[in-house]
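What follows is a set of notes on a single structure, which appears directly below.
The values are calculated or read from the model by the stated rules, or taken from the named source; none is laboratory data. A quick note: this is a predicted structure, and the numbers were derived from the prediction, not measured. Glycine also receives a Cβ, built like all others from the backbone with ideal geometry; neighbour counts cover every protein chain displayed. What goes into the accessible areas is simple: the full protein's heavy atoms, side chains included, and nothing from ligands, DNA or RNA. Shrake-Rupley method; radii C 1.70, N 1.55, O 1.52, S 1.80 Å.
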Amino acid sequence: MTTAVATEFETVIGLEVHCQLITRSKMFCGCSTAYSGAAPNTHVCPVCMGMPGVLPVINEQAIEYIAMTGLALNCHIAEFSKFDRKNYHYPDLMKGYQVSQYDLPVCKDGWLEIQVEGEAPRRIGITRVHMEEDTARLLHRVDAATGEGYSLVDVNRSGTPLMEIVSEPDMRTPAEARDYLVRLRQILRYIGVSDANMEEGNFRCDANVSLRPRGTAAFGTKVEIKNMNSFRAVHDALAFEEIRQAAVLREGGKIVQETRGWVDERQVTVSQRSKEEANDYRYFPEPDLPPLELSREFVERARARLPELPAARRERLLGLGLSEHEAATLTETRERAEYYDAVVAAIPGDRARAIKLGANWVLGEVGRWVNAAPGRTLAALPVTPAALAELIAMAESAAITGAVAKEVFEKMTESGESATVIVERAGLAQMGGSGELEGFVRKAIEANPKAAADFRSGKEAALNSLMGAVMKETRGRANPDAVRDLLRKELSE
Amino acid sequence: MMAEAWRLTAHEAHERLRARELSSVELTRSVLERIEAVEPKVNAYITRTPELALEQAREADARFASGTATPLTGIPVAVKDLIVTKGVRTTAGSRILENFIPPYDSHVYEQLRRAGAVMVGKANMDEFAMGSSTEHSAYGVSHNPWNLDLVPGGSSGGSAAAVAAGEALVSLGSDTGGSIRQPASLTGMVGFDPTYGRVSRFGIVAFGSSLDQVGPIGRDVEDVATMLDCISGHDPRDSTSNPEPLPDLRAYLGQDVRGMKIGVPREYFIAGMEPGVKDRIDEALKLFEELGCEVDTSLSLPSTEHALAVYYIIAPSEASANLARYDGVKYGFSDRTGASMWENMEQTRAGGFGNEVKRRIMLGTYALSAGYYDAYYLKAQKVRTVINREFQAAFEKYDVIVTPTSPTVAFPIGAKVDDPFAMYLNDVYTLPASVAGLPGLSLPCGLSEGLPVGLQIIGNFFDEGRILRAAYAFESALGWSNRLPDLA
């Protein structure tokens, strides 16, 4: 089926992402946005409740965040933009209109580069990024006594700054759409403007999807898909819709312009409303807010607050000689990338070696530690980059063996103590002197006469089990090269 | 205690309070008794607050004792019922807010409280300030104290009637297209609509957000200057509030007006203006000349006639959004007899709003609809700019512009209520300044057939001082101030 779609039709996908900003206060009032887990209607005031007579005041931090987002997405930041009222009735909309931006958004005309594994990178156009406010939340209940449904309104979310990021219809496959979302989320988290967590609802995605005969330029009739609550859902809904639309077209049917909802349990989209039923939002300029004028200085301040972005970081690491996989994994989160950079900077000596060792450790032991417990993040690691670098340097200088280094790292994650302290206290310093090791080697040969005989009769591999015996006895502190030399010497005598 | 203390102007009362010849409690009691006596005839209030008033009066007397009194401390004030007052029902003249007790205070009420003023009640008004007669109040019409069969004007008719009837010494109204100036004119009071942005709209139930402005009504020019001084100034909670510091408005009172240039736009002298009104205005212009002003009647503001159309597109458009929040879900009147949530919302709005409000919601919704926006809303905004430019050009030549406030004196209750367009025409002289956001003051300039005629003085943006200077000089020369009708 999918193959047929791919050869006969071309899929055209555009995405609209709504993303909550992690400002301290709400978009137009002083209420805290830290309502997650709070009792309903405890983070509210007359303004976000839409009481008669209230007025909005723009949250400057939100504007700085949207400017940072626009810059990170290569957008033009408008010197002059304005807010508009979007009018519609719904019980979660406290004022009966949403303060949004219609024709003059803060950011427009940007792009985001995506790269689906195994394919060439592609630029996806960003049409616009605009600022608006989130709605309240409705909780649907059923009266246990009467069986009747009713709804409760939790106003905590009302007025939370919300950014809408609209892409051009530049994506061609569900995989591209997913990659776009993954990279967009990564950028938003890097620049620290949003938690961008789809499952928690602070990063929501609607998709517009249409099909056209391959090789033609005109767009087909588009369908809007809503209610997708994970990246997987976006991917699956688009994949379903490709097939559904292809089937309609193949039978000579017409695609109806409509909004469809993704039903995850059934893995299908279902029609929600047609174009005829669509709202006329009657946008007009918000008279309670003067136009938003952003000075060059404001935009430059926002730019100065941007960290090195994931794409640039990846490029830099590739330039240092790391593999695609290493570069991508090390830069997956800003936390990890910065940790890695700090570790490398703190490792003394040869740079190329430090880059490689740092990558091995951060992707190896550090990654294992983070993954060992659900919800664990790098921020909780008690080992500072400098401490890890010290450990790496000790292993590198043969003060301790590789095996011991791992053991020390584990102790460091438990106690937060430095490698030097742990090594000294536990006597884990590498045994490299032949006098110190000879006893262990002889003991191993005596304890393993068969292996010794095998080696003497020419079985090179038998040396490994003797090595293992020595390492076990020395609890890994022995220098493997020295042990190997001593074994050969003893066994050849 | 003096008899009939309710007859005093605020500044007269202040002198007596300061001299301890009168206490605020005595003054407030005098006003409350007056309310008891005449309110059945006038209906200036939707909600009366006698207990609160006496409590505030006692606080005021304590301030006089401790030397922290201001010119408004202890002065009984009426507050238009769209000004949000914490703990005191605020209806905006609408059934849909019949039981709404606000959990917060408006900026202007905070300012009054800070000054130590005494609130005696919430004044009647046309529902959501939509009207020119208070006949569109859900709480009954207010009557003009000069003749109880006539309207007091509107929408701040209750605020004007209360001051004229002795039921408050001064009041706060709000002006969107003439709602302070026109009722002041029809009741022989002084009403001042300041520059848009001069007074914070925080806590003012919104009608037309780009036009709404709170201002005072009083019995003479000095009292409205004092009130405006109190309520003006920057408020960070209103993003359209002007951050400029306010000059001391009272300093303009008594300044010489010789050489002041007065423009009189000929477009304001139209058919429909009553002869008695025209006579009083002509006399007023002569008086300005006698005072040494240069009066030029050749001024032309050609777009004047379009102000009405502009206003009746922009104000209803904004109102259609501003009134969307009244759905019966959160506060106020709620009809829950419907079969569904949507039905309940519709029934709440159908039963909670009056006809004039519904008419304007329809107008505004239509003007903003897809396919009509450019022809109506956008066009209106462009014409608004043209009107603005004409005023700006005029202010390069003139200090102030003088016009009649209303083409008529007070008209009978019921005369225009069924003819919306005739009612809208009553604001034809006040709409242009509103549309431009300019300050305008109305003060009495005599009687026509026994009823007050109002003179409007329009100034440039944030030039309230010059308006007060002209108004005070005129008032002094005419010898008309604090003239209260005989209600007996």
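Considering only residues that are within 13 Å of B:Arg325 (Cβ to Cβ), touching a residue at least 60 places away in the same chain (Cβ under 8 Å) and outside any loop (DSSP other than H, G, I, E, B), which ones fall in segment A:86-98? Steps first, please.
Going through segment A:86-98, the residues within 13 Å of B:Arg325 (Cβ to Cβ) turn out to be A:87-98.
Narrowing further to those that are touching a residue at least 60 places away in the same chain (Cβ under 8 Å): A:87-88, A:91-92, A:94.
The one that is within 13 Å of B:Arg325 (Cβ to Cβ), touching a residue at least 60 places away in the same chain (Cβ under 8 Å) and outside any loop (DSSP other than H, G, I, E, B): A:Asn87.
Listed conditions (1) modelled with pLDDT under 95; (2) open to solvent by 40 Å² or more (accessible area, probe 1.4 Å) are all met by A:Arg24, apart from (1).
Of the residues making up segment B:128-184, those that are surrounded by fewer than 24 Cβ atoms within 10 Å (Cβ to Cβ) and among the polar types (S, T, N, Q) number 1. Within segment B:4-20, is even one residue crowded, with 17+ Cβ neighbours inside 10 Å, closer than 15 Å to B:Leu72 by Cα and over 26 Å from the mean Cα position of the chain (by Cα)? Taking every residue of segment B:4-20 in turn, at least one turns out to be crowded, with 17+ Cβ neighbours inside 10 Å, closer than 15 Å to B:Leu72 by Cα and over 26 Å from the mean Cα position of the chain (by Cα).
Just to be sure before I move on: is A:Arg456 open to solvent by 40 Å² or more (accessible area, probe 1.4 Å), closer than 24 Å to A:Val404 by Cβ, basic (Lys, Arg) and touching a residue at least 12 places away in the same chain (Cβ under 8 Å) in the structure I sent?
Numbers: open to solvent by 40 Å² or more (accessible area, probe 1.4 Å): yes; closer than 24 Å to A:Val404 by Cβ: no; basic (Lys, Arg): yes; touching a residue at least 12 places away in the same chain (Cβ under 8 Å): yes.
No: the conditions fail for A:Arg456.
Give segment B:210-247 a look and list any residue that's of a type in the set (Ser, Thr, Tyr) and away from chain A (no Cβ under 14 Å), or say none.
Restricting attention to segment B:210-247, the residues satisfying the condition of being of a type in the set (Ser, Thr, Tyr) are B:210, B:226, B:232, B:239-241.
Selection gives B:Thr226, B:Ser232.
Among the candidates A:Glu446, A:Glu396, the residue that is out of contact with any Leu (no Cβ under 6 Å at 6 or more places or on another chain), open to solvent by 40 Å² or more (accessible area, probe 1.4 Å) and outside the structural domain of A:Leu486 (by TED's automatic domain parsing) is uniquely A:Glu396.
Checking each residue in segment A:153-192 for being in contact with a His (Cβ under 8 Å, 6 or more places away or on another chain) and open to solvent by 30 Å² or more (accessible area, probe 1.4 Å) picks out A:Ala175, A:Arg178. Could you say whether any residue in segment B:350-362 is closer than 29 Å to B:Thr430 by Cβ, within 14 Å of chain A (Cβ to nearest Cβ), surrounded by fewer than 21 Cβ atoms within 10 Å (Cβ to Cβ) and not basic (Lys, Arg)? Yes: one or more hits.
Does B:Thr28 count as among the polar types (S, T, N, Q) and either touching an Asp or Glu at 6+ places or on another chain (Cβ under 6 Å) or open to solvent by less than 10 Å² (accessible area, probe 1.4 Å) (or both)?
On the way: among the polar types (S, T, N, Q): yes; either touching an Asp or Glu at 6+ places or on another chain (Cβ under 6 Å) or open to solvent by less than 10 Å² (accessible area, probe 1.4 Å) (or both): yes.
When the stated conditions are applied, B:Thr28 passes them.
Residues in segment A:369-379 that are open to solvent by 60 Å² or more (accessible area, probe 1.4 Å), closer than 14 Å to A:Thr413 by Cβ, out of contact with any helix residue (DSSP H, G or I) (no Cβ under 7 Å at 6 or more places or on another chain) and not polar (S, T, N, Q): A:Ala372 only.
Within segment A:73-85, restricting attention to residues that are open to solvent by 30 Å² or more (accessible area, probe 1.4 Å) and part of a loop (DSSP other than H, G, I, E, B), which residue is nearest to the other protein chains (Cβ to nearest Cβ)? Only one residue tops the list, namely A:Lys82. Restricting attention to segment A:324-368, the residues being assigned to a loop (DSSP other than H, G, I, E, B), closer than 25 Å to A:Leu184 by Cβ and open to solvent by 50 Å² or more (accessible area, probe 1.4 Å) number 2.
Being in contact with a Leu (Cβ under 8 Å, 6 or more places away or on another chain) and in a strand (DSSP E or B) is the requirement here; does A:Leu181 meet it? Spelling it out, it is not the case that A:Leu181 is in contact with a Leu (Cβ under 8 Å, 6 or more places away or on another chain) and in a strand (DSSP E or B).
When segment A:46-72 is filtered for residues that are open to solvent by 30 Å² or more (accessible area, probe 1.4 Å) and more than 8 Å from chain B (Cβ to nearest Cβ), the ones remaining, listed by number, are A:Glu60, A:Gln61, A:Glu64. Being free of Cβ contacts under 8 Å to residues at least 24 places away in the same chain and assigned to a helix (DSSP H, G or I) narrows it down to one residue among B:Glu390, B:Glu343, B:Glu356, B:Glu318; which is it? When all the criteria are applied, what remains is B:Glu343.
Could you list all residues from segment B:74-100 that are surrounded by fewer than 24 Cβ atoms within 10 Å (Cβ to Cβ) and more than 11 Å from chain A (Cβ to nearest Cβ)? Walk me through it before giving the result.
Step one: filter segment B:74-100 for residues surrounded by fewer than 24 Cβ atoms within 10 Å (Cβ to Cβ), giving B:86-89, B:95, B:98-100.
Scanning segment B:74-100 gives B:Gly87, B:Val88, B:Arg89, B:Arg95, B:Glu98, B:Asn99.
Quick one: which residue in B:Glu346, B:Glu318 is under 30 Å from B:Ile361 (Cβ atoms), among the charged types (D, E, K, R), within 14 Å of another protein chain (Cβ to nearest Cβ) and surrounded by 24 or more Cβ atoms within 10 Å (Cβ to Cβ)? Before the answer, list the steps.
Values: B:Glu346 fails: surrounded by 24 or more Cβ atoms within 10 Å (Cβ to Cβ).
From the options B:Glu346, B:Glu318, the qualifying one is B:Glu318.
Kindly indicate whether B:Phe421 is surrounded by fewer than 24 Cβ atoms within 10 Å (Cβ to Cβ) and at pLDDT 95 or above. No, not satisfied.
Among the candidates B:Ala206, B:Ala184, single out the residue that is within 14 Å of another protein chain (Cβ to nearest Cβ), touching a helix residue (DSSP H, G or I) at 6+ places or on another chain (Cβ under 8 Å), among the small types (Gly, Ala, Ser) and in contact (Cβ under 8 Å) with a residue 40 or more places away in the chain. Break it down into steps so the answer makes sense when it comes.
Numbers: B:Ala184 fails: within 14 Å of another protein chain (Cβ to nearest Cβ).
After ruling out the rest, the residue left standing is B:Ala206.
Number of residues in segment B:359-378 that are charged (D, E, K, R) and touching a residue at least 12 places away in the same chain (Cβ under 8 Å): the value is 2. Screening B:Ala324, B:Ala380 for residues that are modelled with pLDDT of 95 or more, more than 26 Å from B:Asn426 (Cα to Cα), within 13 Å of chain A (Cβ to nearest Cβ) and crowded, with 16+ Cβ neighbours inside 10 Å leaves exactly one candidate, B:Ala324. Return a yes/no flag: does segment A:20-28 have any residue that is touching a residue at least 60 places away in the same chain (Cβ under 8 Å), outside any loop (DSSP other than H, G, I, E, B) and within 25 Å of A:Ile191 (Cβ to Cβ). There is at least one residue in segment A:20-28 that is touching a residue at least 60 places away in the same chain (Cβ under 8 Å), outside any loop (DSSP other than H, G, I, E, B) and within 25 Å of A:Ile191 (Cβ to Cβ). Residue by residue through segment A:260-302, note down the ones that are closer than 22 Å to A:Gln101 by Cα, surrounded by 12 or more Cβ atoms within 10 Å (Cβ to Cβ) and more than 14 Å from chain B (Cβ to nearest Cβ). Matches in segment A:260-302: A:Leu294, A:Phe298, A:Val299, A:Ala302.
For every residue, the table says whether it meets (1) modelled with pLDDT of 95 or more; (2) closer than 28 Å to A:Glu241 by Cα.
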site	(1), (2)
A:Glu119	no, yes
A:Arg122	yes, yes
A:Val129	yes, yes
A:Arg141	no, no
A:Ala145	no, no
A:Asn156	yes, no
A:Leu162	yes, yes
A:Ser167	yes, yes
